[in-house]
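Since the structure comes first, as structure tokens, the remarks are kept for the end.
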Amino acid sequence: MEGGSNDATSVKVSARDLDVFYGSTQALHGISLDARANRVTALIGPSGCGKSTFLRSINRMNDLIPGMRRQGRILLDGADIHDPGVDVVDLRRRVGMVFQRSNPFPKSIYENVSYGPRIHGVSDRGTLDEIVRTTLEQAALWDEVKDRLGASALSLSGGQQQRLCIARALAVEPEVLLMDEPASALDPLATARIEELIHELKERYTILIVTHNMQQAARVSDTTAYFYLGRLVEVGPTAQIFTNPAKQETEDYITGRFG
Amino acid sequence: MSSRLPGRPSAAWKGSAFVALCGAAAAIIVAMLAIILADVVRNGWAGLGWEFLVSAPSEGMRGGGVGPAIFGTFALVLLMTIAVVPVGVLTAVYLFEYARPDSAFARAVNLAVSNLAGVPSIVFGLFGLGFFVRFVGGGIDRVFHAGELAWGKPSILWAALTLALLTLPVVIVTTGEALRAVPVAAREASFALGATKWQTISRVVLPQSLAGILTGAILAVSRGAGEVAPIMFTGAAYFLPKLPTRLTDQFMELGYHVYVLSTQSPDIEATKPILYSTVLVLLFLTFLLNATAIAIRARFRAALRPQDA
Ligand SMILES: Nc1ncnc2c1ncn2[C@@H]1O[C@H](COP(=O)(O)OP(=O)(O)OP(=O)(O)O)[C@@H](O)[C@H]1O
Ligand SMILES: [Mg+2]
């Protein structure tokens, strides 16, 4: 692990005193958290602690949920993503997302991956072919599907669908990638391939990843944030969080003594 | 023998009596349909034939066939579909995708749709006569034809529009159901890739609800194809030797023809065999439309299910 190199890059995403409410229940309480460019930030914590809610706040996906309310700010490259001048469509192009539950369109594999580039104006078949191939390769799916790109995405296995969704998100070349448990349905081999991918993607992207797998968080991330009951308990360099956390709660969760 | 739970046999008896009652109620429906079908087929089958399907009525409705009425029915239903499907689908998309559900306008449209569905069809007929024929048609004549009668009389166009109005709620409601059946996850996937609302609706939501929309359109058509009252004053003709060729022409129609044969013909007893055959044709067309709707739905469901390449 790369120890104290965390401060070497600029802050890409920054939450400031973020509160999120669903109706009358508060899902996030005053979260302040920075994600640095070209770094992987892992969000860990027990089920229901608000990891997905935090992730979905960054691309304003929660705006679609009726009854959702928010206070506080989220900055992308220093600019508030809730400024009236911000085009949420443009924001989501810059901030890609892989959902917790894989959600391929009931279209062909090819159409799934090329959907993003198409809606952003790419129509040249050769360019699309190229995007489809490279992103499927990145997502470690190409070899399995290269002979049946026209088949329905729903004919893929759960793990393949998840990798397809990763490829689909990569195809629009976002600056920030939000990954909500991208490896939860994958076998060890595919998981290893995705972790490798995350390492490669770091070169170009800012990555926030939710995971329930402590080893995975330790392997792929530079910074780890521990959430509990909608609060950010502790955040720090991954090496430190996993070897010498400041809070007893964090240590209990990581070592499995939680609960 | 256990006597600790008294009353169990009686409860069991009541249970099976209730099941029997439900079964009997369901059996009545099947029996009614079977009786109707048997009666119509038995009396109408013999009169059917190629000749009957293509030729015009003759000998004061005692002979000939229903060719013009079949043609008129298809032409009417086609025009009606062209009118009702776009309006209904656009209304549903607006209502269920764009309008805030609690907005005054959305509530007004919803109220109008549900009330429209409850209006008796004869009222639609009168409305069509007053609004389409007299007001719109008459208005066109006054403005463009110096008062000469061209549009301001019953015609296939006004009849089709009246029917479109009648079937509009069916299309709106079924389209709305189809739209709501598209999972939130599919919309989110599209939005998360930076798609606009319009792109999401046109490329994800509408394709996924196409089967439901088509089903609704066909159900509307089969509902409209059997209606007599709305077209009675707005365009259907008692007897026309020639087929309609323009929007302003009148037309013969199967449902209306059944009404004519059974109540208006010079010799009702003598037209009975023809009446039965006509009813048979009308029933067959309606069943055909319903079967098509079911087939389309099944096919699209199958297409959306995972299949191997
Ligand atoms: N759409 C919603 N409407 C109402 N409440 C919600 C909604 N989504 C999440 N919540 C609530 O917000 C809280 C945080 O949920 P969230 O999905 O962010 O948790 P999570 O940390 O991602 O959990 P998991 O690890 O199980 O995915 C939970 O109490 C949940 O019940
Ligand atoms: Mg979650």
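The values are calculated or read from the model by the stated rules, or taken from the named source; none is laboratory data. Small disclaimer: the values here were computed from a predicted structure and weren't measured. Glycine also receives a Cβ, built like all others from the backbone with ideal geometry; neighbour counts cover every protein chain displayed. All accessible areas refer to the heavy atoms of the entire protein, side chains included, with ligands and DNA or RNA removed. Shrake-Rupley method; radii C 1.70, N 1.55, O 1.52, S 1.80 Å.
Points worth noting:
- Applied to region B:102-107, the Karplus parametrisation 6.51 cos²θ - 1.76 cosθ + 1.60 on θ = phi - 60° returns per-residue 3J(HN,Hα) values of 9, 6, 4, 5, 4, 5 Hz, with x for Gly and Pro.
- Neighbour net charge for A:Ile65 - beta-carbon separation under 14 angstrom, K R +1, D E -1: +3
- Proximity of backbone amide H atoms, modeled 1.01 Å from N, is registered between A:Ala27 and A:Val20, A:Phe21, A:Tyr22 at under 5 Å, excluding neighbours fewer than 5 places apart on the same chain.
- Net charge of Cβ neighbours under 12 Å - reference A:Asn244; Lys, Arg +1; Asp, Glu -1: -1
- Span per principal axis, largest first, for the Cα atoms of region A:68-202 (Å): 46, 36, 29
- Between region B:193-266 and region A:13-71, the Cα center-to-center distance that results, in Å: 51
- 10 Å Cβ neighbours from other chains, averaged over peptide B:193-202: 5
- Beta bridges per DSSP with both ends in chain A, % antiparallel, nearest 5: 60
- Proximal charge balance of A:Val172 [Cβ under 11 Å; K/R count +1, D/E count -1]: +3
- For chain B: relative contact order, % (alpha-carbon pairs under 8 angstrom, 6 or more apart): 25
- DSSP beta bridges in region A:176-256 [antiparallel fraction, %, rounded to 5]: 55
- Carbon/sulfur fraction of accessible area - region B:45-308, other protein chains in place, 1.4 Å, %: 69
- Counted residue by residue at 0.36 nm each, then reduced by the alpha carbon distance between them, the extension gain from B:Val87 to B:Ile268 reaches 61.0 nm.
- GNM top mover of A:Val176, A:Val113, A:Val88 - chain A, alpha-carbon springs below 10 Å: A:Val88
- Percentage, to the nearest whole number, of Cα pairs in chain A over 25 Å apart: 44
- Paired Rg and Dmax values of region B:219-303, which use every Cα atom, in angstrom: 15.8, 54
- Shape analysis of the protein assembly as shown yields a ratio of the Cα radius of gyration to the Kirkwood radius, Rg/Rh, of 1.13.
- Residues with amide H under 5 Å from that of A:Tyr228, placed H, sequence gap 5 or more: A:Val233
- Around the amide H of A:Ile209, modelled in the peptide plane, lie the amide H atoms of A:Thr41, A:Ala42, A:Leu43, A:Met179, all under 5 Å away and 5 or more residues distant in sequence or on another chain.
- Charged side chains reduced to their Cβ positions (Lys and Arg at +1, Asp and Glu at -1) give the protein assembly as shown a dipole of some 1220 debye around its Cα centre.
- Taking all protein chains into account, the per residue accessible area for region A:133-259 stands at 41 Å² (1.4 Å probe).
- Our coupling estimate for region B:201-216, obtained by passing each phi through the Karplus curve with A = 6.51, B = -1.76, C = 1.60 and θ = phi - 60°, is 5, 6, 9, 10, 5, 5, x, 6, 9, 4, 4, x, 5, 4, 4, x Hz, Gly and Pro reported as x.
- Across the cross-link table entries A:Lys51/A:Lys107; A:Lys12/A:Lys107; A:Lys146/B:Lys197; A:Lys107/A:Lys146; A:Lys12/B:Lys197; A:Lys12/A:Lys51, which are compared at the Cα atoms, the separations over 23 Å belong to A:Lys51/A:Lys107; A:Lys12/A:Lys107; A:Lys146/B:Lys197; A:Lys12/B:Lys197.
- Per residue, the average separation of C-alpha pairs within less than 8 Å and at least 6 apart gives region B:160-267 a relative contact order of 29 percent.
- In this label model, A:Glu203 and B:Asn115 are separated by 6.7 nm, measuring between points 7 Å along each Cα→Cβ vector.
- For the peptide A:152-160, the mean number of other protein chain Cβ atoms found within 10 angstrom of a residue's Cβ is 2.
- Computed over the alpha carbons of region B:1-119, Rg followed by Dmax gives 26.9, 80 Å.
- Cα gyration tensor shape for region A:1-88, rounded if a/c is under 1.5, else prolate or oblate: oblate
- Cβ neighbours within 10 Å from other chains - mean over B:203-216: 1
- Restricting the calculation to Cα atoms, region B:114-168 shows an Rg/Rh of 1.06 when the hydrodynamic-style radius is the Kirkwood one.
- A Förster radius of 35 Å, combined with the Cβ-Cβ distance separating A:Glu137 from B:Ala106, puts the computed FRET efficiency at roughly 0.15.
- Each DSSP beta bridge with both residues in the protein assembly as shown is either parallel or antiparallel, and the antiparallel ones are about 60%.
- Quotient of Cα Rg and 2.2 N^0.38 Å for region B:45-308, N being how many residues it contains: 1.17
- The label point for A:Thr255 and the one for B:Trp45, both projected 7 Å from the Cα toward the Cβ, are 8.6 nm apart.
- Placing dummy labels 7 Å off each Cα toward the beta-carbon, the span from A:Met214 to B:Glu177 is 5.1 nm.
- Karplus (6.51, -1.76, 1.60) ³J(HN,Hα), θ = phi - 60°, over region A:205-213, in Hz, Gly and Pro reported as x: 10, 9, 10, 10, 10, 9, 8, 9, 9
- Put a plus charge on the Cβ of each Lys and Arg, a minus charge on the Cβ of each Asp and Glu, and nothing anywhere else: the dipole of region B:45-308 about its Cα centre is then about 700 debye.
- Of A:Leu76, A:Leu170, A:Leu178, the one that fluctuates the most in a GNM where chain A has Cα springs shorter than 10 Å: A:Leu76
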